Protein chains: 2
Amino acid sequence: MGSTIGDVSPVQTENHPVAARPNIVLIVADDHGREAVGCYGNPTVRTPHIDQLATEGTRFSHAFCTTASCSPSRSVLLTGLHNHANGMYGLQHQEHHFSSFDTIRSLPVLLEQAGYRTARIGKLHVAPEQVYHFQRVLKAGGVNDPASIGRSPVEMARECYPFIDEKSDKPFFLYFATDDPHRSNTVAPDGSPIFDGSKPNLFGNRPGGYPQVGDHFYQPREVRVPAYLPDTKACRTELAQYYEAISRLDQGVGRLIDYLKDTGRYDNTVIVYLSDNGAPFPGSKTNLYEPGMRLPCIIKLPKPERPGFVQAAMISWADITPTLLDIADAQTTGAQQQGRSFKAIIEQEDVAGWDEVYGSHSLHEITMYYPMRVVRERRYKLIFNLAHSLPYPMALDLYQSFTWQDVIQTKQKQFGKRTIVAYLHRPRFELYDLQADPDEIHNLATNPAYRAKLTQMQAKLRRFQQQTQDPWIGK
Amino acid sequence: MGSTIGDVSPVQTENHPVAARPNIVLIVADDHGREAVGCYGNPTVRTPHIDQLATEGTRFSHAFCTTASCSPSRSVLLTGLHNHANGMYGLQHQEHHFSSFDTIRSLPVLLEQAGYRTARIGKLHVAPEQVYHFQRVLKAGGVNDPASIGRSPVEMARECYPFIDEKSDKPFFLYFATDDPHRSNTVAPDGSPIFDGSKPNLFGNRPGGYPQVGDHFYQPREVRVPAYLPDTKACRTELAQYYEAISRLDQGVGRLIDYLKDTGRYDNTVIVYLSDNGAPFPGSKTNLYEPGMRLPCIIKLPKPERPGFVQAAMISWADITPTLLDIADAQTTGAQQQGRSFKAIIEQEDVAGWDEVYGSHSLHEITMYYPMRVVRERRYKLIFNLAHSLPYPMALDLYQSFTWQDVIQTKQKQFGKRTIVAYLHRPRFELYDLQADPDEIHNLATNPAYRAKLTQMQAKLRRFQQQTQDPWIGK
């Protein structure tokens, strides 16, 4: 409008020429719990490459998924919208068949619009394709796909070389999603169960291993059994297998990063390492207890100013898309987001205003209706179980796990620090003081001394539901 | 294979040349309960054209939907698969966002493959489009679409004329789905409620009426209040509006049939009239009680041999697709079906082997998880409420209805013959003797005298769940 004299063309006004913007690598592990990473304090599991990334970048100590279920969590990661707002209420595959609304504009699409070239490799597990469109699919994965490359993260890394090397003025966005360390398929193609709980799951491990992967084996006696799990032989045996899958995954991460370094791209690439949800054991995955939602998250900026920094800001997976769009300086007019960018504070000490996160779980499998909403502050957590009169639903792979079946068949009453009855039958509200009770055993919701705290946090949840257009707000 | 001498070409072996096969018109009303049709015994509501169709064709006295929810029921009608097997577990529109599996082959697709030309008009309410593909969409409808033609069934009929008249050797399949007599929208485009329960819904009725529709008005005092509804002024007022929408719908049916007669096509056309589910009132829609699932169904064969026949065979909407494919003599190799064709028995008296139907309800709105399975025999019905510990969920339009709110706000304890507590809190199993207790009030599931009957019917449901690959079989 007005005079064109003096106007400059859009190309000239662009503050950040496309080529100067960093590449982005988003690595998403499958069911990698925070308690099984070296740099998060586990002295046994070998994750030297992930640890090295933390040494060179920023390690988040308070990073949370918003729902501890694979497809919904990935949908939040890739949209910045809670699953209840993007339509991906549960798992995408087979009969579960959830998908996001056609109107959603996801991270790869917005980055492509901003001038990035985009590719993914490994597990997608969200739908529909046009919403989660990447320009290139280097090789597909997914724990339900027998031809998946996702169990061979080193091979995955190698498959990315040509995409990384492509001659282009455009920066790239690579979405690198492994199948590791998820449990191996529990259902055969004909629908019959492969694992019936009578032996440990192999977590993708196989005799002879995978090409170019140096196997790490673990002894059941050396693993660290977290407080939410039973210290049984069965559980230790499965944790040993789980660790092996994690070490395999770690080598893939290492290979990918090495290539970025070798080709001189490391200093112009943002690398994010995180997991969709916690470990594939009852008490973690599908739960909004800490083991399910508090996760590893490491971010290496192109040129870190404070290598090895530990960031205590509370962030959630709803913040990942806004942050990466911010880093890419992408114009995102019209794209709704429910998280917010934390780009500015990644390497900042003592940040203010990052002291709570919200989460929302709807279903997992189609039969596992159990909507929950959560607000997690520094000290307190409130979980709202909207369908609390139902028994807590068990995911098939967790129900059939050696760890769970062993406890059930030997008629034990406890699972970790929790009683099985308490695990399966939950109250409408669960209020925990994480400082006094880090294992979330003592529900304060009915304690009159915490009445004011409960009311205050309930009001927060109500606001969260309103602001995020939660279909469950009437429940 | 073998000698080609004597082989005949596919064209020559075709027993039923395409042109000799009948046209098919499938009319699906929206929420038209069996108790509000003249030929089903209601002396007040004027449905002369539907009644005339029954006089000329066959009226089914025991026809049942398998789930009393719009999208799921339509998915069953159009696939022959229960909703739990086709993926359409709940409503299709807005945030509910359910859809069928991409691999499903639906009635219009199979009829097109069999040489039919296909078109639809009005409400679809199932997805995805490529699964429920019609060659032509004459005009779209749907109660959530302000531009819908579905409230003007006479206009709908007129819009079909060119398609019917099209010069073609192919028979046609016309899917004619009205918005009548559904309640009017309860939510404005901005999400705010239009109806808050303080006044009667208008069921699409409007001042000045619709083009070429002779309005029928009803007085609240003259309507018939069925046993499942409260005999209140509020309910009678809403029923009067409901009747008006039904009479409008009836005129559209009449116009369509008249045109088929006028153009000489009536004697080569199969016409089916039915409804997706029962009346839009608590106690009917979303329920597997008789008012929700036992529905009008009239089928006029091209040349009826027994005009006015009343068929007592028990059929369900899972049988409609197999029957119409059978009538069309369509080859359906590879298309899985869970219903069975009743073509052979339409005009047959005292048929054997049609004495039970099965149903399966999963959700309605995304927040309304309440899976139920039902087997309905001649005398007994067993409903299995899989998530019975949840309160029975109320659909938004029924919850906000004048009829329901009036009862709630005046603090009545009964709704029809049922207590409100019983309506909202249901046991795991409900067993009714429909002969002694047609209103399904006295649950016999805990009565020791019916132990054997209960066990037998539970075994039937179990078999049904196994045979139809029910994801909920483990619950």
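Working only within segment B:356-392, note down all residues that are under 20 Å from residue A:363 (Cβ atoms) and touching a strand residue (DSSP E or B) at 6+ places or on another chain (Cβ under 6 Å).
Looking only at segment B:356-392, we keep the residues that are under 20 Å from residue A:363 (Cβ atoms), and these are B:360-373, B:385-392.
Result: B:360, B:361, B:372, B:373, B:385.
Just a yes or no: is a residue in segment A:256-269 out of contact with any helix residue (DSSP H, G or I) (no Cβ under 7 Å at 6 or more places or on another chain), within 14 Å of chain B (Cβ to nearest Cβ) and either free of Cβ contacts under 8 Å to residues at least 60 places away in the same chain or among the basic types (Lys, Arg) (or both)?
There is no residue in segment A:256-269 that is out of contact with any helix residue (DSSP H, G or I) (no Cβ under 7 Å at 6 or more places or on another chain), within 14 Å of chain B (Cβ to nearest Cβ) and either free of Cβ contacts under 8 Å to residues at least 60 places away in the same chain or among the basic types (Lys, Arg) (or both).
Are any of the residues in segment A:144-152 more than 14 Å from chain B (Cβ to nearest Cβ) and at positive phi?
Let us first name the residues in segment A:144-152 that are more than 14 Å from chain B (Cβ to nearest Cβ), namely A:144-152.
With the extra rule that they be at positive phi, the set shrinks to none.
No: zero hits.
Take the residues in segment B:57-111 that are without any contact (Cβ under 8 Å) to a residue 40 or more places away in the chain and part of a helix (DSSP H, G or I), then tell me which one is farthest from residue A:367 (Cα to Cα). Give the derivation first.
From segment B:57-111, those without any contact (Cβ under 8 Å) to a residue 40 or more places away in the chain are B:86-88, B:92, B:99-104, B:109; that's our starting set.
Then keep just the ones that are part of a helix (DSSP H, G or I); that gives B:86, B:109.
Values: B:86: 15, B:109: 30 Å.
Applying the filter and picking the extreme gives B:109.
Hey, any hits in segment A:334-343 for a residue that's free of Cβ contacts under 8 Å to residues at least 40 places away in the same chain, polar (S, T, N, Q) and part of a loop (DSSP other than H, G, I, E, B)?
As a first pass, look at segment A:334-343 and keep what is free of Cβ contacts under 8 Å to residues at least 40 places away in the same chain: A:340-343.
Within this subset, residues satisfying the condition of being polar (S, T, N, Q) are A:341.
Keeping just the survivors that are part of a loop (DSSP other than H, G, I, E, B) gives A:341.
Yes: one or more hits.
With the condition kept exactly as written, say whether any residue in segment B:340-353 is closer than 25 Å to residue B:446 by Cα and either within 12 Å of chain A (Cβ to nearest Cβ) or of a type in the set (A, V, I, L, M) (or both). Working first, answer last.
Start the filter on segment B:340-353 by keeping residues that are closer than 25 Å to residue B:446 by Cα, which leaves none.
No, there is no match, as no residue in segment B:340-353 is closer than 25 Å to residue B:446 by Cα and either within 12 Å of chain A (Cβ to nearest Cβ) or of a type in the set (A, V, I, L, M) (or both).
List the number of the failed condition for residue B:228; all other conditions in (1) among the aromatic types (Phe, Trp, Tyr); (2) part of a helix (DSSP H, G or I); (3) open to solvent by 10 Å² or more (accessible area, probe 1.4 Å) hold.
The number of the failed condition is (2).
Which residues, counting only those in segment A:123-161, are over 30 Å from residue A:241 (Cβ atoms), open to solvent by less than 10 Å² (accessible area, probe 1.4 Å) and touching a Pro at 6+ places or on another chain (Cβ under 7 Å)?
The answer is A:132, A:134.
Report whether or not residue B:409 is in contact with a Gly (Cβ under 9 Å, 6 or more places away or on another chain), away from chain A (no Cβ under 14 Å), of a type in the set (S, T, N, Q) and open to solvent by 70 Å² or more (accessible area, probe 1.4 Å). Walk me through how you get there before you give the answer.
Values: in contact with a Gly (Cβ under 9 Å, 6 or more places away or on another chain): yes; away from chain A (no Cβ under 14 Å): yes; of a type in the set (S, T, N, Q): yes; open to solvent by 70 Å² or more (accessible area, probe 1.4 Å): yes.
Yes: the conditions hold for residue B:409.
Residues are listed down the side, and each one gets a yes or a no for (1) in contact with a strand residue (DSSP E or B) (Cβ under 7 Å, 6 or more places away or on another chain); (2) outside any loop (DSSP other than H, G, I, E, B):
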| site | (1), (2) |
| --- | --- |
| A:273 | yes, yes |
| A:282 | yes, no |
| A:286 | no, no |
| A:299 | yes, yes |
| A:325 | no, yes |
| A:351 | no, no |
| A:354 | yes, no |
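I need a count of the residues in segment A:231-255 that are of a type in the set (Ser, Thr, Tyr) and either free of Cβ contacts under 8 Å to residues at least 24 places away in the same chain or open to solvent by 10 Å² or more (accessible area, probe 1.4 Å) (or both).
Restricting attention to segment A:231-255, the residues satisfying the condition of being of a type in the set (Ser, Thr, Tyr) are A:232, A:237, A:242-243, A:247.
Still in the running and either free of Cβ contacts under 8 Å to residues at least 24 places away in the same chain or open to solvent by 10 Å² or more (accessible area, probe 1.4 Å) (or both): A:232, A:237.
Here the count works out to 2.
Go through A:389, A:360 for me and flag whichever is over 28 Å from residue A:235 (Cα atoms), within 14 Å of chain B (Cβ to nearest Cβ) and under 23 Å from the mean Cα position of the chain (by Cα). Break it down stepwise before answering.
Details: A:389 fails: under 23 Å from the mean Cα position of the chain (by Cα).
One residue alone meets the criteria, A:360.
Is it the case that residue B:382 is within 14 Å of chain A (Cβ to nearest Cβ) and either in contact (Cβ under 8 Å) with a residue 12 or more places away in the chain or surrounded by fewer than 16 Cβ atoms within 10 Å (Cβ to Cβ) (or both)?
Numbers: within 14 Å of chain A (Cβ to nearest Cβ): no; either in contact (Cβ under 8 Å) with a residue 12 or more places away in the chain or surrounded by fewer than 16 Cβ atoms within 10 Å (Cβ to Cβ) (or both): yes.
Judged against the criteria, residue B:382 is not a match.
Just give me the residues in segment A:429-475 being touching a residue at least 24 places away in the same chain (Cβ under 8 Å), outside any helix (DSSP H, G or I) and either open to solvent by 30 Å² or more (accessible area, probe 1.4 Å) or within 14 Å of chain B (Cβ to nearest Cβ) (or both), in sequence order.
Matches in segment A:429-475: A:429, A:435, A:438, A:439, A:441, A:468, A:469, A:470, A:475.
Could you pull out the residue among A:62, A:96, A:125, A:82 that is modelled with pLDDT of 95 or more and within 11 Å of chain B (Cβ to nearest Cβ)?
The match here is A:96.
Results for (1) open to solvent by 50 Å² or more (accessible area, probe 1.4 Å); (2) in a helix (DSSP H, G or I), shown as yes or no for each residue.
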site: A:389; (1), (2): no, no
site: A:394; (1), (2): no, no
site: A:404; (1), (2): no, yes
site: A:427; (1), (2): yes, no
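Please list, ordered by first then second residue, the pairs with beta carbon atoms under 8 Å, 6 or more apart or interchain, first in segment B:117-130 and under 16 Å from residue B:156 (Cα atoms) and part of a loop (DSSP other than H, G, I, E, B), second of a type in the set (Lys, Arg) and open to solvent by less than 20 Å² (accessible area, probe 1.4 Å).
Cβ pairs passing all conditions: B:124/B:74.
Can you pull out every residue in segment B:94-114 that is more than 24 Å from residue B:31 (Cα to Cα) and either in contact with an Asp or Glu (Cβ under 9 Å, 6 or more places away or on another chain) or open to solvent by less than 10 Å² (accessible area, probe 1.4 Å) (or both)? Walk me through how you get there before you give the answer.
First, the residues of segment B:94-114 that are more than 24 Å from residue B:31 (Cα to Cα): B:101-105, B:109-114.
Listed by number, the residues that qualify are B:101, B:110, B:111, B:114.
Just checking, which of A:390, A:396 is free of Cβ contacts under 8 Å to residues at least 40 places away in the same chain and under 30 Å from residue B:385 (Cα atoms)?
Values: A:396 fails: free of Cβ contacts under 8 Å to residues at least 40 places away in the same chain.
That would be A:390, the only listed residue that is free of Cβ contacts under 8 Å to residues at least 40 places away in the same chain and under 30 Å from residue B:385 (Cα atoms).
I'm trying to understand the selection: among the residues of segment B:271-309, which are open to solvent by 10 Å² or more (accessible area, probe 1.4 Å) and among the aliphatic types (A, V, I, L, M)?
Answer for segment B:271-309, where residues must be open to solvent by 10 Å² or more (accessible area, probe 1.4 Å) and among the aliphatic types (A, V, I, L, M): just B:301.
Based on what the data block shows, is residue A:398 assigned to a helix (DSSP H, G or I) and buried (at least 18 other Cβ atoms within 10 Å of the Cβ)?
Values: assigned to a helix (DSSP H, G or I): yes; buried (at least 18 other Cβ atoms within 10 Å of the Cβ): yes.
Yes; evaluated as a whole, the condition is true for this residue.
Which residue out of A:91, A:77 is on the phi < 0 side of the Ramachandran plot, crowded, with 24+ Cβ neighbours inside 10 Å and either under 16 Å from the mean Cα position of the chain (by Cα) or modelled with pLDDT under 95 (or both)? Give the derivation first.
Values: A:91 fails: crowded, with 24+ Cβ neighbours inside 10 Å.
Only one candidate qualifies: A:77.
Pick from B:318, B:344: which is open to solvent by less than 20 Å² (accessible area, probe 1.4 Å) and aliphatic (A, V, I, L, M)?
Values: B:344 fails: open to solvent by less than 20 Å² (accessible area, probe 1.4 Å).
B:318 is the lone residue from the list that is open to solvent by less than 20 Å² (accessible area, probe 1.4 Å) and aliphatic (A, V, I, L, M).
Can you say whether residue A:120 is away from chain B (no Cβ under 14 Å), at pLDDT 95 or above and open to solvent by 10 Å² or more (accessible area, probe 1.4 Å), as far as the supplied structure shows? Talk me through it step by step, then tell me what you get.
Values: away from chain B (no Cβ under 14 Å): yes; at pLDDT 95 or above: yes; open to solvent by 10 Å² or more (accessible area, probe 1.4 Å): yes.
Answer is yes for this residue.
The values are calculated or read from the model by the stated rules, or taken from the named source; none is laboratory data. Since we're looking at a predicted model, the values are computed, not measured. Positions of Cβ are generated from backbone atoms using ideal geometry, with glycine treated the same way; all protein chains shown enter the neighbour counts. In case anyone asks, the SASA skips ligands and DNA or RNA and just uses the protein heavy atoms, side chains included. Shrake-Rupley method; radii C 1.70, N 1.55, O 1.52, S 1.80 Å.
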